[in-house]
Amino acid sequence: MTRASLSPRVASMVLASTALSMMLASCGPQQVPLDVRFPSSETFLVSRSMRIRVYALEETSCPALVTAVSNGRDPGLDPLWESAAVTPCQVRAGITIPDVGGGRRGFLVEGLDSNGNNTILAGCADGEIYSGSRIDVAIYPTTRYDAAYDADPPTEEISARCAAEGL
């Protein structure tokens, strides 16, 4: 059977099937870029590693998440997603959050000290993942920031550190 001999009914079914396939593909899992704003170059350099977690906001709020980690406590909830350990340079180069389902989410970002166990910067954004969205999180020093700075003050530039990481 050649294309010219397709009945109008079969041609309509083919077109409908193609349109449905394209529509379903656009509704597939969404990934969104995460933009993290540091308050200064100094805070970028004092932070040695980053932790990024995504929580369902039906069970908590961004202020509650930031308060918990700023006070050295775990939020006490299972995250929907958690990043592997990343450096500030990797975050600066670009991090993508995978699809974590629909609904309001809390995107918690922590900057950690040189030992990787104290939260010295923290911030959270309330948002949803959808096609074309971006998540923007501003992070701020916690009460532990000054001690981290005093223990390991920055002596390099951001460009030098990131170049050493190949970024």
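The values are calculated or read from the model by the stated rules, or taken from the named source; none is laboratory data. Quick caveat, the model's predicted, so the values are computed rather than measured. Please note: Cβ atoms are built from the backbone with ideal geometry, for glycine as well, and neighbour counts cover all protein chains shown. Side chains are part of the model used for accessible areas, which takes the heavy atoms of the whole protein and leaves out ligands, DNA and RNA. Shrake-Rupley method; radii C 1.70, N 1.55, O 1.52, S 1.80 Å.
Sorting 125-133, 37-45, 51-59 by their mean Cβ neighbour count within 10 Å, with the most densely packed peptide first, gives 51-59, 37-45, 125-133. Summing charges over all other residues whose Cβ lies under 12 Å from the Cβ of Ile158, with Lys and Arg as +1 and Asp and Glu as -1, gives -2. Note: relative contact order over the range 88-149, using C-alpha pairs below 8 Å and six or more positions apart, is 30 percent. For the range 36-167, give the percent of accessible area contributed by carbon and sulfur heavy atoms, probe 1.4 Å, rounded to a whole number. That share works out to 45 percent.
Under the shape rule built on the C-alpha gyration tensor, where the axes satisfy a ≥ b ≥ c, the range 104-167 is oblate, since a/c reaches at least 1.5 while a/b does not exceed b/c.
Placing Leu108, Leu77 in order of accessible area, with the largest value first and a 1.4 Å probe, yields Leu77, Leu108.
When +1 charges are put on Lys and Arg Cβ atoms and -1 charges on Asp and Glu Cβ atoms, the dipole computed for the range 39-126 relative to its Cα centre reaches about 200 debye. Quick one: net charge around Leu45, please, counting Lys, Arg +1 and Asp, Glu -1 for every other residue with C-beta under 11 Å from its C-beta. Summing Lys/Arg as +1 and Asp/Glu as -1 gives -2.
Below 12 angstrom from the Cβ of Ala68, what's the summed charge of the other residues (Lys, Arg +1; Asp, Glu -1)? Charge balance in the 12 Å sphere: 0.
When all protein chains stay in place and ligands, DNA and RNA are ignored, the 1.4 Å accessible-area order of Arg134, Arg161, largest first, is Arg134, Arg161.
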